[in-house]
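**Student:** If you scroll down you'll find the structure; I have some questions about it.
No lab work stands behind these numbers, since they all come straight from the coordinates. Just so we're clear, the structure is a prediction, and the values are computed from it rather than from any experiment. Here the Cβ positions follow ideal geometry from the backbone for every residue, glycine too, while neighbour counts run over all protein chains shown.
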Amino acid sequence: MFSQFVRDRAIKCRGGEKKNCFLYLCGEYYLLLGNCWTASTNIRILFKREVPKVRKKIVAFRPESVLERSKEKADRYGFDFFGFPVFELVEREEALKEIEEVFNDGVDIIVFTSLNGVKKAFSICEGKFDLKKNLSVVNVGAIGPVTSSELKKHGVRVDFMPEEYSAKGLMRLLAENMGVGNKKIAFLRSAEGGQDILDFLRGKGAFVRDIAVYKVEIKDSEEERELFSEFVTYKPDYIIFTSSLTFKTFSELTRKFRMEEKIVGVLEHAKIIAIGDLTAETMREEDMKVDLVARKSTFEDVLKEIKNGNREHLL
């Protein structure tokens, strides 16, 4: 039976079905040379199969509207992606009156701290208040290129943007390059925005108005619980926290779903990335390790840092 098998194999090989033909029998490799099977210790090299690279897994907790785009970008950089939102952003319709009051009273500087702040402000004002026209006669500041780009899409000129895309970067810019004493400054941002920058500007003599154009509602339904379970099963290599709010909400949901032990295991296995110093500081206050603080605020920039620039710190 054994001999017949070998003969059949040789006939098939000579018949042109295989360019190179070999057998693995009793721990030895045999290569067909002419009409003879010859033992070969180099067969592994001759017939070495290319093993496909295992893609590293990335998790990010992002808004529903950008999940598909995030997946495409991760794929472009050679990563597998899993993500879901941990909260949703709800417009505050009552902010319209506050925006109108700020401009009616006279304002010198308007600051947008995020993409969502721009989107929600224009959505609230649409058809009711010409925000673009009113912004054209004041100084407009933006934190980060994504925020700046969104303003430009709405036809708004951006007068200043800090090099460090954070509240600290904005503080430094305003303190060093712009006199803010007696200036009227308004922020159009989230209801959960930090207080430090407001206190800082008031300490410099500015009159500051903080307008919440949207608020955060935590997503804590059974669907989110299932997504957290999938997150545990997924076992990511990298976890990206895009903001302090994202991390705080993630931690709150972990406790609410009583999944602390399982989540800790995932976090210990993965490399943890924080976007910006403020996010990293918030995480460290909760005794969370931070393997990389990304200096740029866009998701694609973070992927680049992981893939190239800071890879040696993450492997």
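**Student:** Using the Cα centre as the reference, give the magnitude of the dipole from point charges on the C-beta atoms of the stretch 89-217 (Lys, Arg: +1; Asp, Glu: -1; all else neutral), rounded to the nearest 20 debye.
**Tutor:** Working: 19 positive and 20 negative charges, 57 e Å.
Dipole about the Cα centre, nearest 20: 280 debye.
**Student:** Please compute P(r) over all alpha-carbon pairs of the stretch 202-315, binned at 5 Å starting from zero, and give each bin as a whole-number percent.
**Tutor:** 2, 10, 18, 19, 19, 14, 8, 5, 3, 1, 0
**Student:** Could you pull out the GluC sites (Glu not before Pro) across the stretch 183-289 that fall in loop regions by DSSP (anything but H, G, I, E, B) with no more than 16 other Cβ atoms inside 10 Å? Mind showing how you got there, number by number?
**Tutor:** On the way: sites: Glu192, Glu217, Glu222, Glu223, Glu224, Glu226, Glu230, Glu252, Glu260, Glu261, Glu268, Glu281, Glu285, Glu286; in loops: Glu192, Glu286.
Taking the stretch 183-289 and a limit of 16 other Cβ atoms within 10 Å, the loop GluC sites (Glu not before Pro) found are Glu192, Glu286.
**Student:** So, one more: Convert each backbone phi in the stretch 282-290 into a coupling constant with the Karplus relation 6.51 cos²θ - 1.76 cosθ + 1.60 (shift: θ = phi - 60°), then list the ³J(HN,Hα) values in order as whole Hz, x for Gly and Pro.
**Tutor:** 4, 5, 5, 4, 9, 6, 8, 5, 10
**Student:** What are the ³J(HN,Hα) values, in whole Hz, obtained from phi via the Karplus relation 6.51 cos²θ - 1.76 cosθ + 1.60 with θ = phi - 60°, for each residue of the stretch 146-160 in sequence order, with x given for Gly and Pro?
**Tutor:** The phi angles translate into 5, 4, 4, 4, 5, 4, 5, 4, 8, x, 9, 6, 9, 8, 7 Hz.
**Student:** With θ set to phi - 60° and the Karplus curve 6.51 cos²θ - 1.76 cosθ + 1.60, what are the ³J(HN,Hα) couplings of the stretch 192-204 in order, to the nearest whole Hz, using x for Gly and Pro?
**Tutor:** Here the 3J(HN,Hα) series is 9, x, x, 8, 4, 5, 5, 4, 4, 5, 5, x, 8 Hz.
**Student:** For the stretch 75-131, state which GluC sites (Glu not before Pro) are in a DSSP loop and have at most 15 other beta carbons lying within 10 Å of their beta carbon.
**Tutor:** Glu93, Glu94, Glu126
**Student:** Could you pull out the pairs from Lys97/Lys128; Lys133/Lys183; Lys53/Lys304; Lys73/Lys132 whose alpha carbons sit more than 22 Å apart here? Walk me through the numbers on the way to the answer.
**Tutor:** On the way: Lys97/Lys128 10 Å; Lys133/Lys183 20 Å; Lys53/Lys304 19 Å; Lys73/Lys132 31 Å.
Listed pairs above 22 Å: Lys73/Lys132.
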